[in-house]
Amino acid sequence: MASGTELTPTSYIDHHLTYLTTQVSEGSFWVLHVDTLITSLILGVISFGFIWLIVRKATPGVPSKSQAFVELAVEFIDNEVKNTFHGNRHVLVAPLALTVFIWVLMMNAMDILPIDIMAWITENVFGLHNWKIVPTTDVNTTFALALSIWFLMIFFNLKVKGFGGWMHELFCTPFGKNPLLWILNLLFNFIEYVSKPLSHSLRLFGNIYAGEIIFLLLGMWAATGVSGTIFGSILGAGWAIFHILIVTLQAFIFMMLTVVYISMAHESH
């Protein structure tokens, strides 16, 4: 923060939760969060570049530690998809699940890094002010991911059931085919279709954003004095350990919901 600016809880949190943006056209819709986009891209290149290099060098027989790690991750995701999706999962669904899990996990894991240290590095080393390093604390990221899955769900509904079959499902399920129930069925399905991307995105955003707020509050407590430093550091370390479970669990939940939604699109009612 600028020298001479009074540090208050609000100003401290606002400073760490401010995005680096650029305006590409008129209107608030055309504001791009540059830090979110670039950080997400870098994490994707690093994580999937690592997997690509390991797979490219994979050999039969006794695998290396890195190859064994990648094989365990792929086998774990494949088994989870197999238990939910009953079809040819290897064409798209299993690779999509692996992509979603690894990418979301990497974005969530950035929340484990010390906030003030990362802010100091981005500002003093790279000259970037207000650079947020946790993409999933930006609701635009989680909503974009959820919408992508939502559009895939619509695509598979049309591909598997056809336009007529999908319309029949919208108007005739779950309460029956009676024309008097068509409006009720459509309203019920409309609410379901709207709620899926909202719950899918806000669940991930809310958990990671709340975790970052807690880290910020503990960091502020650690700056209040000796006792604050001691207790803030102890609680911060404890929360960091617990938060590892949260970031992993939220990536897993996001991935499983993705598989469930696509699996539902393949099923006929």
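The values are calculated or read from the model by the stated rules, or taken from the named source; none is laboratory data. All figures in this text were calculated on a predicted structure; none of them were measured in a lab. Because the Cβ atoms are built from the backbone with ideal geometry, glycine has one as well, and the counts that use them run over all protein chains shown. SASA here: full protein model, heavy atoms, side chains in, ligands and nucleic acids out. Shrake-Rupley method; radii C 1.70, N 1.55, O 1.52, S 1.80 Å.
Tabulated data
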{"item": "Residue among PHE171, PHE156 that is touching a residue at least 40 places away in the same chain (Cβ under 8 Å) and among the aromatic types (Phe, Trp, Tyr)", "result": "PHE156"}
{"item": "Matching entry among LEU180, LEU245, LEU235 (being touching a Leu at 6+ places or on another chain (Cβ under 6 Å), of a type outside the set (Asp, Glu), open to solvent by 30 Å² or more (accessible area, probe 1.4 Å) and outside any loop (DSSP other than H, G, I, E, B))", "result": "LEU235"}
{"item": "Qualifying residue in the range 35-57 (condition: part of a loop (DSSP other than H, G, I, E, B) and either closer than 24 Å to LYS132 by Cα or among the aliphatic types (A, V, I, L, M) (or both))", "result": "no"}
{"item": "Evaluation of LYS132 against (1) loosely packed, with under 15 Cβ neighbours inside 10 Å; (2) in contact (Cβ under 8 Å) with a residue 24 or more places away in the chain; (3) of a type outside the set (Gly, Ala, Ser) (one fails), failing number", "result": "(1)"}
{"item": "Residues (touching a helix residue (DSSP H, G or I) at 6+ places or on another chain (Cβ under 6 Å) and either of a type in the set (Gly, Ala, Ser) or more than 19 Å from ILE77 (Cβ to Cβ) (or both)) located in the range 247-269", "result": "ALA251, SER263, ALA265, HIS269"}
{"item": "Search result, residues across the range 165-177 that are open to solvent by less than 50 Å² (accessible area, probe 1.4 Å) and either in a helix (DSSP H, G or I) or in contact with a Leu (Cβ under 8 Å, 6 or more places away or on another chain) (or both)", "result": "GLY165, TRP166, GLU169, LEU170, CYS172"}
{"item": "Residues of the range 61-119 that turn out to be buried (at least 20 other Cβ atoms within 10 Å of the Cβ) and acidic (Asp, Glu), as a count", "result": "1"}
{"item": "Per-region count, the range 117-142, residues more than 17 Å from THR21 (Cβ to Cβ) and in contact with a helix residue (DSSP H, G or I) (Cβ under 6 Å, 6 or more places away or on another chain)", "result": "2"}
{"item": "Qualifying residue in the range 168-189 (condition: within 18 Å of VAL260 (Cα to Cα) and either at pLDDT 95 or above or within 27 Å of the chain's Cα centre (by Cα) (or both))", "result": "yes"}
{"item": "Qualifying position, being open to solvent by less than 50 Å² (accessible area, probe 1.4 Å) and assigned to a helix (DSSP H, G or I), among GLU192, GLU212", "result": "GLU212"}
